[in-house]
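Have a look at the structure below before the remarks.
The values are calculated or read from the model by the stated rules, or taken from the named source; none is laboratory data. The structure displayed is predicted, hence computed values, not measured ones. With ideal geometry, Cβ positions are generated from the backbone for all residues, glycine too; neighbour counts draw on all protein chains shown. All accessible areas refer to the heavy atoms of the entire protein, side chains included, with ligands and DNA or RNA removed. Shrake-Rupley method; radii C 1.70, N 1.55, O 1.52, S 1.80 Å.
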Amino acid sequence: GKKTLAVRLGDANARRAFTAMLVLPPVLGAACAIWYPAAAAGLLLIPLGLWVARPVRKGAVGLELIPVLRTRGIYELIFAICLGALLAV
């Protein structure tokens, strides 16, 4: 009876969406390089985002996903620090 986004999307599409939510912010941030050339440095985070999403893309389920939540939190913190530093420059 759950109606979460992952349930509505289905397993395969939820895994794709998770990966997209990790990779698209640096890509969109890098698009701002038109106005702020330093923003292109955001592209360096794409491989890290793909590494964080790797267990999800490989089909991890249940308790295997708990470490993914931790690494995603660290990834988001790194992204926020980099974004803040780029905006400060």
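The figures follow:
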item: Net charge over other residues, Cβ less than 13 angstrom from the Cβ of Val61 (K, R count +1; D, E count -1); result: +1
item: Two-site FRET efficiency, Ala14 against Leu87, from Cβ-Cβ distance with R₀ of 41 Å, rounded to 0.05; result: 0.85
item: Degrees separating the helix 46-57 axis from the principal Cα axis of the chain, which is the longest one; result: 0 degrees
item: With Cα atoms, 0 to 90° folded angle of helix 11-31 axis to the chain main axis; result: 0 degrees
item: Accessible-area composition of the chain, carbon plus sulfur, in percent [1.4 Å probe]; result: 73 percent
item: Two-site FRET efficiency, Val61 against Leu5, from Cβ-Cβ distance with R₀ of 22 Å, rounded to 0.05; result: 0.85
item: Helix-derived mean residue ellipticity, 222 nm - over the chain, DSSP H n ≥ 4, -39500 (n - 2.57), to 500; result: -22500 deg cm²/dmol
item: Among 20-28, 64-72, 48-56, the order from most to least packed when residues are scored by Cβ within 10 Å on average; result: 48-56, 20-28, 64-72
item: 0 to 90° range, to nearest 10: angle between helix 66-88 axis and the chain longest Cα axis; result: 20 degrees
item: Within a Gaussian network of the chain (alpha carbon springs, distance under 10 Å), most fluctuating of Gly73, Gly62, Gly29; result: Gly62
item: Lys, Arg +1 and Asp, Glu -1 on Cβ, resulting dipole of the chain about Cα centre, debye, nearest 20; result: 380 debye
item: Computed label-point distance, nm, for sites Leu44 and Val68 using a 7 Å Cα→Cβ extension; result: 2.7 nm
item: Solvent-accessible area per residue for the stretch 22-71 (1.4 angstrom probe, square angstrom); result: 66 Å²
item: Label-zone membership for the stretch 48-74, site Ala80, 7 angstrom Cα→C-beta point, backbone N under 17 Å; result: 69-74
